[in-house]
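Shown next, in structure tokens, is the structure this report addresses.
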Amino acid sequence: MEDIRKIAEEKMIKSVESLSSSLMRLRTGRAHTSLLHHISVDYYGNKSPLSQVANVGVEDPRTLSVTVWDKSMVESVEKAIMESNLGLTPNSAGTLIRIPIPPMTEERRKDLIKVLKSEAEGAKVAVRNLRRDALAKYKELVKAKEMSEDDERKAGDQIQKLTDKYIASMDNVVKDKESEIMEI
């Protein structure tokens with residue numbers, strides 16, 4: 001019984017972490033290196049993460065800098081950034097690529113909030129599915145006479161409390177990101 005709860009809680013924690021990391025990619029108008037974490041570059045025929053072919057840094061609040069280690073890779077890095085659907089236009093000077101972060105329009109902010117909420121809803125559904133799976137396992141234990149119905153009810157209440165806790169945690173993450181997006 002305790003194992004089922006621990007496994008469900010671990011998976012719920014991973015769902016919150018996954019939501020947080022996916023929200024890091026959403027552009028907020030401020031430069032931060034996590035905008036480029038998911039970008040892969042064609043490195044001599046192999047897809048490699050940008051961090052393995054260049055240093056990514058923040059030059060100022062509105063500019064990212066990418067220092068490519070191999071001068072022949074500058075074009076590939078620029079192409080990967082352009083194709084990332086982030087709406088960023090890199091400018092290169094030798095092995096240094098500067099990426100100005102354009103200010104966001106009100107319409108773009110609202111679009112990002114829609115994306116943010118849909119990502120959050122997907123993560124919440126994942127947590128609810130974990131709750132459903134744990135409750136189903138408890139029901140199986142009751143059918144197999146390895147658990148009483150009272151214990152099942154108590155365990156179900158614990159799972160519901162965990163679900164509520166992690167959904168509230170996701171709501172806080174979303175609220176913080178939404179205020180960050182709407183900040184001018």
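The values are calculated or read from the model by the stated rules, or taken from the named source; none is laboratory data. Values in this document were obtained by computation on a predicted structure and should not be read as measured data. FYI the Cβ positions are ideal-geometry reconstructions off the backbone, even for glycines, and counts take in every protein chain you see.
Here residue 43 clears all of (1) in the same structural domain as residue 131 (by TED's automatic domain parsing); (2) over 27 Å from residue 113 (Cα atoms); (3) surrounded by 17 or more Cβ atoms within 10 Å (Cβ to Cβ); (4) not β-branched (Val, Ile, Thr) except the condition numbered (1).
Within the stretch 44-81, being touching an Asp or Glu at 6+ places or on another chain (Cβ under 8 Å) and under 13 Å from residue 33 (Cβ atoms) holds for one residue alone: 65. Residues that are assigned to a strand (DSSP E or B) and of a type in the set (Gly, Ala, Ser) were ranked within the stretch 51-62; the one that is farthest from the chain's Cα centre (by Cα) is 54. Restricting attention to the stretch 9-24, the residues that are in contact with a Leu (Cβ under 8 Å, 6 or more places away or on another chain) and among the polar types (S, T, N, Q) add up to 1.
Here are 63, 89, 67: which of them is at negative phi and in contact with a helix residue (DSSP H, G or I) (Cβ under 9 Å, 6 or more places away or on another chain)?
Numbers: 63 fails: in contact with a helix residue (DSSP H, G or I) (Cβ under 9 Å, 6 or more places away or on another chain); 67 fails: in contact with a helix residue (DSSP H, G or I) (Cβ under 9 Å, 6 or more places away or on another chain).
Testing whether each residue is at negative phi and in contact with a helix residue (DSSP H, G or I) (Cβ under 9 Å, 6 or more places away or on another chain) leaves just 89.
Evaluating residue 131 against the criteria (1) free of Cβ contacts under 8 Å to residues at least 60 places away in the same chain; (2) closer than 19 Å to residue 7 by Cα; (3) not small (Gly, Ala, Ser) leaves one unmet condition, (1).
Could we say that residue 20 is within 21 Å of residue 85 (Cα to Cα) and in the same structural domain as residue 166 (by TED's automatic domain parsing) here?
yes
For the stretch 8-34, which positions are touching a residue at least 60 places away in the same chain (Cβ under 8 Å) and not in a loop (DSSP other than H, G, I, E, B)? Hits for the stretch 8-34 are 8, 9, 11, 12, 13, 15, 16, 18, 19, 20, 22, 23.
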